[in-house]
Amino acid sequence: MRLPSTLQFPSFAASGLRSTKLLFLLNSNVYPALLNPNMLVSKEYVGYLARQVTKKLIDGEFIETSDLNSTIERVNAALLEEMQLEDRINDEVRLILEAYQEEMRTTGASYQEMFKKVKQQLVQKYKAVL
Amino acid sequence: MRISAEKVNKLAKAVADTLKTLDSVEFIEDPNSIRAEAKRILQDLVKAEEKIDAAARLKIESQKRIITEGTQEWDILYRKYYNEEVKKLGI
């Protein structure tokens, strides 16, 4: 099985996980976590937020809707998009650092420090609120 | 607070903007009041979520060896324990 390149980064190797443990994790039900490891809250909780905020706005007589489920779905999609902004930025940082992986290894640069610096630059570039 | 006040503002705006685009939704109050109420509701819900986050972090900290935050291993464990806490609430 070929490992995703992001799992071959120095920070992961330094974490002490052996390849057998890694293969277990990849084959287990926690694998989806690797796809969105840094989202502020889980997708399940975002769904809960969408349901609650929609229902409370209706109960408080701020809005009315003729299609509750569709309204919740759209609110959920909007919240997810905003919540996943940091994930998308993190993915971009990993891609950038992957290109400099060899250089970082030879110079002994800290992956975590580089990650923070590049991330900060992207946050400014996109004017993102994380 | 893990989700900043600024982020809650952005989320509330996203909710209000989305509701505005839906034909099936009728605004009874003005858009600013709806955004303010969405913000208030989200703030309460975010506070509840912080307890889930704290419980997941505590589980990682209680491991025999130190697991550094920001590593892939930490992320995997965090999501695992976080989801366990979410399930406990029946969400």
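Each reported figure results from applying straightforward, stated rules to the coordinates on display, with no laboratory input. Values in this document were obtained by computation on a predicted structure and should not be read as measured data. All Cβ positions, glycine included, derive from the backbone under ideal geometry; neighbour counts span all protein chains shown.
What angle do you read, to the nearest 10 degrees and between 0 and 90, between the alpha-carbon axis of helix B:72-88 and the longest principal axis of chain B?
The two axes meet at around 60 degrees.
Taking neighbour counts of Cβ atoms within 10 Å as a proxy for exposure, in what order, fewest first, do B:20, B:13 appear? List each step's numbers first, then the result.
Working: B:20 12, B:13 16.
Lowest to highest Cβ neighbour count: B:20, B:13.
For the cross-link pairs A:116/B:87; A:55/A:117; A:55/B:10; A:56/B:87; A:125/B:88, which exceed 29 Å when the distance is taken from alpha carbon to alpha carbon? Numbers along the way, then the final one.
Working: A:116/B:87 32 Å; A:55/A:117 41 Å; A:55/B:10 19 Å; A:56/B:87 22 Å; A:125/B:88 39 Å.
Over 29 Å apart, Cα to Cα: A:116/B:87; A:55/A:117; A:125/B:88.
Per residue of A:114-121, how many C-beta atoms from partner chains lie within 10 Å of its own C-beta, taken as a mean?
Details: counts 0, 1, 1, 0, 0, 0, 0, 0.
Partner Cβ neighbours, averaged per residue: 0.
Quick check: residue separation of residue B:40 and residue B:57 times 0.36 nm, minus the Cα distance between them. What number comes out in nm?
Numbers: separation 17, 0.36 × 17 = 6.12 nm, distance 2.61 nm.
Between residue B:40 and residue B:57, full extension yields 3.5 nm more.
Figure the gain on full extension for residue A:121 and residue A:100 (residue separation times 0.36 nm, minus the Cα-Cα span) and round it to one decimal in nm. Could the numbers behind the result be given before it?
Numbers: separation 21, 0.36 × 21 = 7.56 nm, distance 1.62 nm.
Full extension of this stretch gives 5.9 nm more.
Nearest 0.05, what FRET efficiency do residue A:91 and residue A:44 give at R0 = 30 Å with Cβ-Cβ as r? Please list the in-between numbers first.
Working: r = 21 Å, r/R0 = 0.70.
Once the sixth-power term is evaluated, E becomes 0.90.
Any idea how far the Cα center of the range A:89-130 sits from the one of the range B:1-73, in Å?
Centre-to-centre (Cα) distance: 25 Å.
If you take each beta carbon of peptide A:74-84 and count the beta carbons of other chains within 10 angstrom, what is the mean?
On the way: counts 7, 8, 1, 2, 9, 6, 1, 2, 6, 5, 0.
Mean shielding by partner chains, rounded to a whole number: 4.
How shielded is B:34-44 by partner chains, expressed as the average number of their Cβ atoms within 10 Å of its Cβ atoms?
Numbers: counts 4, 1, 1, 6, 7, 1, 3, 9, 5, 0, 3.
Across B:34-44, the average partner-chain Cβ count within 10 Å equals 4.
Angle between the Cα long axis of helix B:31-61 and the longest principal axis of chain B, 0 to 90 degrees, nearest 10?
Helix B:31-61 sits at roughly 10 degrees to that axis.
Taking only Cα atoms, what is the 0 to 90° angle, nearest 10, from helix B:5-21's long axis to the longest principal axis of chain B?
Approximately 40 degrees, to the nearest ten.
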